[in-house]
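Peer 1: Encoded as structure tokens, here's the structure I'll be asking about.
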Amino acid sequence: MFEEVGTTTEGDIIVNVGPQHPATHGVLHLVITLNGETIKKVEPHLGYIHRSIEKMCESLSYRQFIYVTSRMDYLSSHINNHACALCVEKGLQVEVPPRAQVIRVLMDELTRIASHELWWGAMAMDLGAFTPFFHAFRERESINDIMEETCGARLTMNYMVPGGVMQDLHPNFQKKVKEFMQLYKRKIHEYDELVTGNVIFQNRMKNVGYLSAEDAVSYGCSGPTARGSGVNCDIRKIYPYEIYDKLEFDEVLETGGDSFARYMVRIREMQQSIRIIEQLIDNIPEGDFQAKTKAVLKLPKGEFYTRVETARGELGVYIVSEGGTTPYRIKFRSPGFSNLSVLDHIARGSKLGDLVAMMGTLDLVIPDIDR
Amino acid sequence: MFITKYIKDVYKGVRSLLVGMKRTLYYFTHHKEIITQQYPDNRDTLVLPERFKGEVVMPHNENNEHRCTGCQACELACPNGTIKVIFKNELTPEGKKKKAIDKLVYHLELCTMCNLCVEACPSDAIKMAQTFEHSVFDRNELTKILNNPGSKIMEGVE
């Protein structure tokens, strides 16, 4: 790998960004070949936070392995747990009670908002604006409080279990979510005042990091990264799971393909999530929050695959079962890995200062890429 | 042409800067909307939700009795080997030998607070406590014995 670095032409400079650089948000190592200030090549080096989660899951039972997946994409841990629970339920042929389905969707959408809030604050901080970070964390904090009350944790929840959810909703849940939505609607204009409408911000985002729809598909991009280029890839729309086919929401699409389009997709997606929560918060059906399952879960022999839409894109869970209590093989198709692979393509030819803006709009979570 | 564009750009830049500064000034003058908590100072009044997963504890009643039967369901449910149940033989009043728990060893340093042991417990012997300040000077202090010394199983719990 490092031999490649040595084969640069004369006049080129190698710059190492990371693995301990604040703008990479984790331990991502980028080896950048520069000609002056123009980027010739970006080479991501991975493996600094590899915990072999897929191998670990092979020794854990179908109830136990779900908690590990909270540590992959820690900003959308609910959705990771959801994907695993869905895959196990597919193997077990368990029908999830309607109340549990609604709770799951509510939690997913709250997580999506929380994740996009953090992305918004962190991205603005990368570009040099520090105030938005605190504004984003204020709204995220109220979501975290809701999660803490119902799930007992703020980041690594382990709330979705095969057959439903672990505990019933807290009595305060509906009241708190309504309070949060009021706060969000009252404060959403601050986002535009502080960041979106800012001229400096727009000049740094527009026509930077252009990704065409063809490239987005061929690199396997998903989520807001691909939707910013106009690719229909929202799993909630094209392969609906749980109750998403009964809900009214729009798939957010932008056609710009640049960093600003990806930014706008996420901002508008938060409003769509609010729309979904508004439809569900007063219509939570009564009933069980967990289907009755056996104490020891055994999946029949075969292969099972499910996919869900996380805050970053498409997460696929693939389980190979040999009929035992533990999976024979588990593979996670994480959205971050494919989204990172496009970085070299979109960064070539642009300036070094723009790289941070591009990385910010790809919304990379490094533990999700490495697993 | 160049001059008008330049002046327009300057106007737009200054305007968007002022819009942002207005928001900052708003919070500078509205202290009530600031939600920052002064954490180490507000320890006495800090209340965590009752479901918060801090650490596993075993509640005892006033007669130093717990509800643990030693069924090892928590030990099996734990993904990390955090809980270990050690048994001893006890004599019942009738003179028969009976298996009872000697120690329920809990490794806080391995625990990920996943709540699976509490869910698995059939007799509600363990629960999650709301403590969260776990730092100690010696790591051996993190290995805890959950049942009190000399404690017995509660009457009627099978």
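Peer 1: Sorting check: for B:124-137, B:20-33, A:105-118, A:76-89, which peptide has the highest mean count of neighbouring beta carbons within 10 Å, and how do the rest follow?
Peer 2: A:76-89, A:105-118, B:124-137, B:20-33
Peer 1: Roughly what would the spin-label model give for A:Lys246 and B:Lys152, points 7 Å off Cα along C-beta, in nm?
Peer 2: Result: 5.4 nm between the two label points.
Peer 1: Moving on to the next point. Relative contact order, percent, of chain A when contacts are C-alpha pairs under 8 Å separated by at least 6 residues?
Peer 2: 25
Peer 1: To test your reading of the geometry: what angle, between 0 and 90 degrees and rounded to tens, separates the Cα axis of helix A:77-92 from the longest principal axis of chain A?
Peer 2: Taking the Cα atoms of chain A, the angle to A:77-92 is about 50 degrees.
Peer 1: How far apart, in nm, are the 7 Å Cα→Cβ label points at A:Thr255 and B:Val47?
Peer 2: 5.5
Peer 1: Which length gain, in nm to one decimal place, applies between B:Phe2 and B:Thr36 when the Cα-Cα distance is subtracted from 0.36 nm times their residue separation?
Peer 2: Length gained between B:Phe2 and B:Thr36: 7.5 nm.
Peer 1: Another question about this same structure. Shape of chain A from its Cα gyration tensor (a ≥ b ≥ c, root eigenvalues): rounded if a/c is under 1.5, otherwise prolate when a/b > b/c, or oblate?
Peer 2: oblate
Peer 1: I'd like the Kirkwood hydrodynamic radius of the stretch B:34-100, using the inverse of the mean 1/r over distinct C-alpha pairs, in Å. Present the calculation step by step, with values, prior to reporting the outcome.
Peer 2: On the way: mean 1/r = 0.0609 Å⁻¹.
16.4 Å is the Kirkwood radius here.
Peer 1: Over all directions, how big on average is the projection of the convex hull of the alpha-carbon atoms in the stretch A:58-210, in square nanometres? Walk me through the numbers on the way to the answer.
Peer 2: On the way: hull surface 44.5 nm².
The Cα convex hull of the stretch A:58-210, projected and averaged over all directions, gives 11.1 nm².
Peer 1: For A:Lys246, list the lysines whose Cα falls under 23 Å from its own Cα; do not include residues on the same chain fewer than 8 positions away.
Peer 2: A:Lys90, A:Lys178, A:Lys237
Peer 1: Listed here are the pairs A:Lys351/B:Lys5; A:Lys292/B:Lys152; A:Lys185/A:Lys292; A:Lys206/B:Lys5; B:Lys22/B:Lys53; which of them are more than 30 Å apart at the Cα? Intermediate values should be presented prior to the final figure.
Peer 2: Details: A:Lys351/B:Lys5 25 Å; A:Lys292/B:Lys152 33 Å; A:Lys185/A:Lys292 39 Å; A:Lys206/B:Lys5 19 Å; B:Lys22/B:Lys53 41 Å.
Too far apart for the 30 Å limit: A:Lys292/B:Lys152; A:Lys185/A:Lys292; B:Lys22/B:Lys53.
Peer 1: Next question. Sort A:Thr69, A:Thr225, B:Thr112, A:Thr306 by Cβ crowding within 10 Å, fewest neighbours at the top.
Peer 2: B:Thr112, A:Thr306, A:Thr69, A:Thr225
Peer 1: For chain A, take the longest principal axis of its alpha carbons; what is the angle in degrees between that and the long axis of helix A:98-126, to the nearest 10 within 0 to 90?
Peer 2: 20
Peer 1: Could I ask something else about it? Within straight cross-link reach of A:Lys331, meaning Cα distance under 16 Å, which aspartates and glutamates are found once same-chain residues fewer than 8 apart are removed?
Peer 2: A:Glu54, A:Glu58, A:Asp73, A:Glu303, A:Glu314, A:Glu322, A:Asp368, A:Asp370
Peer 1: Could you name the aspartates and glutamates in cross-link range of A:Lys40, using Cα to Cα under 18 Å and dropping any fewer than eight places away on the same chain?
Peer 2: A:Glu3, A:Glu4, A:Glu10, A:Asp12, A:Asp344, A:Asp354
Peer 1: Please report, in whole Å³, the volume per residue of the convex hull around the C-alpha atoms of the stretch A:140-248.
Peer 2: Details: hull volume 19.3 nm³, N = 109.
About 177 Å³ per residue, rounded to a whole number.
Peer 1: Which of A:Asp282, B:Asp9, B:Asp44 comes first, and how do the rest follow, when ranked by fewest Cβ neighbours within 10 Å?
Peer 2: Fewest-to-most Cβ neighbours within 10 Å comes out as B:Asp44, A:Asp282, B:Asp9.
Peer 1: To the nearest 20 Debye, how big is the dipole of the stretch B:72-158 about its Cα centre, given +1 on the beta carbon of each Lys and Arg and -1 on that of each Asp and Glu?
Peer 2: Dipole of the stretch B:72-158, to the nearest 20 debye: 340 debye.
Peer 1: Turning to a different aspect of this structure: What Kirkwood hydrodynamic radius do you get for the stretch B:72-114 when you take the inverse of the mean 1/r over all pairs of distinct Cα atoms, in Å?
Peer 2: Evaluated over the stretch B:72-114, this radius sits at 11.8 Å.
Peer 1: On to the next question. Starting from the 7 Å offset along Cα-to-Cβ, what nm value, one decimal, do you get for the label separation of B:Lys96 and A:His21?
Peer 2: Each label point is offset 7 Å from its Cα along the Cβ direction, giving 7.2 nm.
Peer 1: If you don't mind, there's one more thing I want to ask. Diagonalise the Cα gyration tensor of the stretch A:21-117 and give the resulting equivalent ellipsoid semi-axes, square root of 5 times each eigenvalue, largest first, whole Å.
Peer 2: 36, 18, 10
Peer 1: On to the next question. At q = 0.16, 0.18, 0.19 Å⁻¹, work out log10 I(q)/I(0) for the stretch B:55-153 with the Debye formula, treating every Cα as an identical point scatterer and leaving solvent out; two decimals please.
Peer 2: For the stretch B:55-153 at q = 0.16, 0.18, 0.19 Å⁻¹, log10 I(q)/I(0) is -0.69, -0.86, -0.95.
Peer 1: What whole number of Å gives the distance from the Cα centroid of the stretch B:117-143 to the Cα centroid of the stretch B:22-70?
Peer 2: Between the Cα centre of the stretch B:22-70 and that of the stretch B:117-143, the gap is 17 Å.
Peer 1: Now a separate question. Could you put B:Val157, A:Val265 in order, starting from the residue whose Cβ has the fewest other Cβ atoms within 10 Å?
Peer 2: B:Val157, A:Val265
Peer 1: Right, next: If you line up the long axis of helix B:2-29 against the longest principal axis of chain B, both from Cα atoms, how many degrees apart are they, to the nearest 10?
Peer 2: On a 0 to 90 degree scale, this one is about 40.
Peer 1: Could you give me D for the stretch A:282-321, from Stokes-Einstein at 10 °C and 1.306 mPa s, where the hydrodynamic radius is the Kirkwood radius over C-alpha pairs? Units µm² s⁻¹, please. Don't skip to the answer; put the middle values down first.
Peer 2: Working: Rh = 13.6 Å.
Approximately 117 µm²/s, per Stokes-Einstein.
Peer 1: To continue, here is another question. Averaged over peptide A:151-161, how many Cβ atoms belonging to another chain are found within 10 Å of each residue's Cβ?
Peer 2: 4
All of the numbers you see were taken from the coordinates with simple rules; none came from a lab. Quantities reported herein were computed from a predicted structural model and do not represent experimental measurements. Note that each Cβ is placed from the backbone with ideal geometry, even for glycine, and that neighbours are counted across all protein chains shown.
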